[in-house]
Amino acid sequence: MTETSNRPMRPAMLRGWRRRCPSCGAGPMLRGYLKVRDTCPVCQEELYHHRADDGPAYLTILIVGHLMAPVILWSFETFRPDPLVLASAVSVGCVALSLYLLPRLKGMIVGVQWAKRMHGFGAEG
């Protein structure tokens, strides 16, 4: 495999979604909730090159907003709940969905960066 060739994108993204090393798929990528390990404990792939930054947060906001907006409209039109009840239920749903998606989307972004050899991931081939 040449230095400029890409690694398989789909497996890297799926491994990242599962919060596993994009290279081997066996080692945990994250240490804690969102902290990416410096190296994979199984295959020793260096992971500190990643530059996920605000990408996972933006994607989380985009997905949660697109999923919860129709839920808000449907529940308001169907049940006509008290505004405080609706706001409370939607807030719990938004927080729960955000907490679920954020580390998975971060793993996917790191997987994409690894597959595309971005930000130093391609130094050793």
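Any read-out appearing in this document is the output of simple, stated calculations on the displayed coordinates, not a laboratory observation. Here the structure is a predicted model, which is why all the values come from computation and not from measurement. Backbone-built Cβ (ideal geometry, glycine too); neighbour counts: all protein chains shown.
In the stretch 57-67 there is no residue that is surrounded by 16 or more Cβ atoms within 10 Å (Cβ to Cβ) and in contact with a Pro (Cβ under 9 Å, 6 or more places away or on another chain). Considering the conditions (1) assigned to a loop (DSSP other than H, G, I, E, B); (2) surrounded by 12 or more Cβ atoms within 10 Å (Cβ to Cβ); (3) at negative phi; (4) touching a helix residue (DSSP H, G or I) at 6+ places or on another chain (Cβ under 7 Å), residue 33 is excluded by exactly one of them, (2). Among the residues of the stretch 44-56, the one identified as in a helix (DSSP H, G or I) and surrounded by 18 or more Cβ atoms within 10 Å (Cβ to Cβ) is 56.
Scanning the stretch 97-113 finds no residues that are exposed (fewer than 11 other Cβ atoms within 10 Å of the Cβ) and either in a helix (DSSP H, G or I) or under 24 Å from the mean Cα position of the chain (by Cα) (or both).
Checking the conditions here, which among 73, 14, 84 is under 14 Å from residue 105 (Cβ atoms), aliphatic (A, V, I, L, M) and either under 18 Å from the mean Cα position of the chain (by Cα) or assigned to a helix (DSSP H, G or I) (or both)?
14
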